[in-house]
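The values are calculated or read from the model by the stated rules, or taken from the named source; none is laboratory data. Since this is a predicted model, take the numbers as computed values, not measurements. Cβ: placed from backbone, ideal geometry, glycine included. Neighbour counts: every protein chain shown. For the accessible areas, the whole protein counts, side chains as well, though only heavy atoms, and no ligand, DNA or RNA atoms are used. Shrake-Rupley method; radii C 1.70, N 1.55, O 1.52, S 1.80 Å.
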Amino acid sequence: MGWIMGTNTIIIILGTPRSGTSVITRALPVMGVKLGNELVAPSVNNPTGFWEDIRVQQINVQLLQLAGRHIEWPVLAADKIALSPHYSAIKRQAIELLKQRLQCNPIWAFKDPRASRLLFFWQDVFQEIGCVDRYVLALRDPISVAESLMLSSGLRRSTGLALWLECTVRVVQDTRHRPLVVVAYERMMDNPGAEILRMAGGLDLEESLLPDEFDYYTGHFISPELMHIKHHTDNPAEHVRELPLIHDVYTLLYRLASDAVTGDEFGGSWSALYTRFEHEFPEFVAANKWLETPKTIAIPNAQRIYCRLRAHGISEIRRLSHRVLEKSMETLTSGKSSPFTDEKQRNQQEKATFHL
């Protein structure tokens with residue numbers, strides 16, 4: 001079946017980096033949804049797979065570069081992207097790419113956390129090609145997200161919280177009056193079968209469930225080792241002191257993910273929260289001026305490994321062993337001297353530098 005305007009559906013999985021988007025995206029094939037064949041390869045940091053379309057990711061990277069931003073930098077100037085002379089050319093790339101994907105897959109999904117703040121672009125593309133668009137938001141406790149970002153990228157706590165708030169609020173606001181399913185990462189890990197059924201219902205895909213895929217996902221793919229950090233409690237995000245709005249946004253969305261609030265109730269509460277966001281978020285950024293400008297944070301490698309081992313335990317030891325093996329194989333195949341014998345590279349091993 002080829003691409004026909006108005007008959008194809010695209011599902012977009014959104015959320016802050018480190019919020020469980022990969023785990024939730026992997027649930028879509030259980031519902032018969034295709035992710036395509038050009039996917040980012042797994043790595044030692046995500047051995048079960050990212051499930052991200054390479055070409056979609058490339059387009060999003062180009063868009064962020066127009067604004068001079070990186071995926072983990074908060075405060076995105078969308079107007080700078082939309083007004084760029086390169087915007088139209090990137091849009092044409094996206095239109096052709098989505099047409100190609102939909103020719104093979106009448107229901108196709110893509111995931112990239114970068115898209116959480118770029119929906120104005122993608123919705124412009126969806127309107128151009130005339131497809132149906134549906135959305136899934138991966139919701140994770142903001143404290144866990146901030147700590148995971150700190151360990152993986154060296155981000156400060158306030159930066160991680162600001163990124164969580166901006167990505168989350170933009171997704172909900174930009175999908176108002178569109179089909180949106182909010183899936184709590186913690187609930188998916190605790191009861192994957194129930195969450196898959198709930199996702200399928202929200203996406204109108206109950207009749208497409210594949211029993212064998214369902215059994216594999218719930219019985220083998222989901223593993224406690226996938227969740228390294230967990231701060232979820234009965235009072236979600238209760239320890240967020242910097243900005244009470246973060247607590248209120250997460251609490252409302254978690255209630256929505258738990259089916260504890262109706263659509264009408266959510267709409268009224270969300271309007272009030274978004275008004276607060278427009279006022280409080282700029283003040284939060286102004287109070288943390290380092291959010292506005294990229295900086296370089298140097299973290300001793302030994303300290304970084306120690307923090308990871310405390311947080312991740314045996315899974316981090318396994319990840320580090322795989323990394324050492326990969327470096328050894330690279331050395332053997334390249335024919336170069338061992339990176340551990342080179343003085344310059346040994347010094348680089350002692351200090352990891354992260355650009356924020």
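Side notes on the structure shown:
- Two-site FRET efficiency, Tyr274 against His70, from Cβ-Cβ distance with R₀ of 22 Å, rounded to 0.05: 0.30
- Per residue, the stretch 104-190 exposes an accessible area of 26 Å² to a 1.4 Å probe, with every protein chain left in place.
- Charge dipole (debye, nearest 20) of the stretch 105-203; +1 at Cβ of Lys and Arg, -1 at Cβ of Asp and Glu: 120
- The largest-to-smallest principal axis extents of the Cα set in the stretch 45-98 are 38, 29, 10 Å.
- Its convex hull of Cα atoms gives the stretch 77-118 a direction-averaged projected area, equal to a quarter of the hull surface, of 3.4 nm².
- A simple spin-label model places pseudo-atoms 7 Å from Cα toward Cβ; at Glu242 and Ala287 they are separated by 1.0 nm.
- Taking 0.36 nm per residue of separation and subtracting the current Cα-Cα distance, fully stretching the chain between Arg92 and Gln173 would add 26.6 nm.
- The mean sequence separation of alpha-carbon pairs under 8 Å and at least six residues apart, normalised by the residue count of the stretch 44-139, gives a relative contact order of 33 percent.
- For the stretch 50-149, the equivalent ellipsoid derived from the Cα gyration tensor has semi-axes of 23, 19, 11 Å, listed largest first.
- Within the accessible surface of the stretch 77-219, defined with a 1.4 Å probe on protein heavy atoms only, the carbon and sulfur portion equals 47 percent.
- Put simply, the C-alpha atoms of the stretch 98-219 give a gyration tensor, and the ellipsoid matching it has half-axes of 26, 22, 13 Å, longest first.
- Extending 7 Å from the Cα toward the beta-carbon at both Ser258 and Phe120 defines two label points whose distance is 3.5 nm.
- Calculated on the Cα set of the stretch 102-170, radius of gyration then Dmax: 15.1, 43 Å.
- Candidate residues Glu206, Glu52: accessible-area rank, largest first, probe 1.4 Å: Glu206, Glu52
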